[in-house]
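Data first, discussion second: the structure below is written as structure tokens.
The values are calculated or read from the model by the stated rules, or taken from the named source; none is laboratory data. Computed from a prediction, not measured in an experiment: that's the story for all the values here. Cβ coordinates were reconstructed from backbone atoms using ideal geometry, including for glycine residues, and neighbour counts include every protein chain displayed. All accessible areas refer to the heavy atoms of the entire protein, side chains included, with ligands and DNA or RNA removed. Shrake-Rupley method; radii C 1.70, N 1.55, O 1.52, S 1.80 Å.
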Amino acid sequence: MSDRDNSFFNGFSLGSGRNANWPARALMKQLRNTVIRAGLEALYFSGAHVLLRPIFAGVGAIFMLHHVRPRRDDAFQPNHHLEVEPDFLRAMLAHLRTLDVDIISMDEAHQRLAERNFSQRFACFTFDDGYRDNRDFALPVMREFDAPMTVYVASDFAEGSGRLWWIALERVVAAASAIEVALDGNMTRLDTSTAQAKQAAFDRMHDWLRSLPTEPDMQREISALCVRHGVDESTIARELCLSWDELKRFADDPLVAIGAHTITHCNLARQTEASVSFELATSRARIEAALQQPALHLAYPYGDKIAAGPREFALAKTFGFKTAVTTRPGMLFPESGDHLTALQRVSLNGNYQDERILPVLTSGTATAVWNGFRRIDAA
Ligand SMILES: [Zn+2]
């Protein structure tokens with residue numbers, strides 16, 4: 001799961017200004033998506049991305065995905081940014097082949113960054129959370145291109161005990177025509193009778209849940225919503241994520257590497273240092289014990305500025321991770337070799353599955369503009 005406010009490039013807002021004027025916020029969100037889409041198309045049609053590629057494309061990129069599966073046609077899909085269709089993945093791989101970009105593993109990327117070997121531009125494909133559709137829909141496409149993939153697994157998801165609260169929330173809102181909830185202590189009645197109203201209610205509750213002080217607070221609230229609206233959140237992990245047995249067979253494929261994504265998929269920056277250390281060390285140990293292979297690469301859950309910072313980057317190094325990735329948008333540059341546990345990524349976002357934007361994405365122009373032309377975002 002990654003973060004939505006940078007929705008195009010990532011995919012999470014922090015719910016700042018929770019009680020801000022929500023209709024205005026929803027409007028702002030629509031406006032922002034329109035601006036992003038217009039910006040991408042302007043870059044594409046102007047051809048600026050071709051001119052700017054030598055400046056902004058860097059030495060490589062790490063692409064971030066979550067679900068890869070055929071399109072669903074539900075009118076209400078609040079997590080749609082987290083899924084792409086197999087054809088879009090195929091189009092990105094084919095595009096990279098036309099650019100003669102090496103598609104490599106995270107091990108190889110680590111080596112090239114550490115050795116400053118940038119003779120050939122490279123790309124990595126990473127998938128967060130360990131969804132079963134990565135095996136059923138992404139791997140067959142990756143095989144067509146003999147392209148490696150890294151899947152970051154939250155060990156509780158593989159255990160079948162983890163909580164995918166954003167999907168539980170989607171199911172609560174989908175099932176209800178109205179929801180009563182105490183947003184910051186104010187009993188609020190949210191209309192969820194139409195797809196549009198559901199989207200607005202989902203956004204509001206999503207930001208509120210993510211802004212609650214602690215993980216237990218968030219879990220308590222989402223569990224209460226699930227009970228009230230007849231959603232069984234305890235089965236979602238088993239339903240959507242690969243189990244240890246499935247992961248063992250999946251990881252046997254020479255194209256597949258399994259990385260860590262903490263135990264509980266928590267916001268690490270909100271934890272104590274002891275808890276972060278436990279999450280990092282134990283999740284890695286559980287994966288290595290179950291799969292009998294090293295898990296030397298990490299993805300920070302949510303991965304944005306409020307979920308992982310310098311403390312987490314240092315601890316990831318301390319616990320022996322060769323690389324760790326955030327969801328902060330950005331290409332890789334030579335100096336990324338100095339930030340191996342804070343590597344930025346480029347999201348392949350379900351809301352922007354237009355093949356025309358692929359050259360804009362790989363040119364690095366979009367992320368450069370988004371980052372105000374700053375190359376490294378690891379502070
Ligand atoms: Zn995740």
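Among the residues of this structure, Val360 does not count as one that is within 16 Å of the chain's Cα centre (by Cα) and farther than 17 Å from Phe313 by Cα. The helices (runs of 4 or more DSSP H) found wholly in segment 224-320 and carrying at least 2 residues that are within 16 Å of the ligand (Cβ to nearest atom) occupy 236-240, 273-291, 310-318. Being at pLDDT 95 or above and small (Gly, Ala, Ser) is the filter here; which residues of segment 43-74 pass it? Within segment 43-74, Ala57, Gly58, Gly60, Ala61 qualify. Within segment 343-365, the set of residues being within 14 Å of Met64 (Cβ to Cβ) and hydrophobic (A, V, I, L, M, F, W, C) comprises Leu343, Val346, Leu348, Leu361.
Selection of segment 59-77 for residues being in contact with a Leu (Cβ under 8 Å, 6 or more places away or on another chain) and either closer than 16 Å to Ser347 by Cβ or outside the structural domain of Thr365 (by TED's automatic domain parsing) (or both) yields Gly60, Ala61, Ile62, Phe63, Met64, Leu65, His66, His67, Val68.
With respect to (1) touching a Ser or Thr at 6+ places or on another chain (Cβ under 8 Å); (2) assigned to a helix (DSSP H, G or I), the lone exception for Arg112 is condition (1). Of the residues making up segment 117-175, those that are away from the ligand (no atom under 16 Å from the Cβ), hydrophobic (A, V, I, L, M, F, W, C) and not assigned by TED's automatic domain parsing to the domain that holds His265 are Val172, Val173, Ala174, Ala175.
Based on this model, can you work out whether Ala201 counts as among the small types (Gly, Ala, Ser) and part of a helix (DSSP H, G or I)? For Ala201, the condition - among the small types (Gly, Ala, Ser) and part of a helix (DSSP H, G or I) - is met. Among the residues of segment 324-334, those identified as within 16 Å of the chain's Cα centre (by Cα), assigned to a strand (DSSP E or B) and buried (at least 24 other Cβ atoms within 10 Å of the Cβ) are Ala324, Val325, Thr326, Thr327, Arg328. Looking at segment 116-187, the strands (runs of 3 or more DSSP E) lying wholly inside it that each contain 1 or more residues that are among the small types (Gly, Ala, Ser) sit at 122-128, 178-183.
Here Leu113, Leu65 are screened, and the one residue that is over 30 Å from Val173 (Cα atoms) and open to solvent by less than 50 Å² (accessible area, probe 1.4 Å) is Leu113. Of a type in the set (Lys, Arg) and within 28 Å of Gln344 (Cα to Cα): which single residue out of Arg204, Arg228, Arg220 fits that description? Among Arg204, Arg228, Arg220, only Arg204 is of a type in the set (Lys, Arg) and within 28 Å of Gln344 (Cα to Cα).
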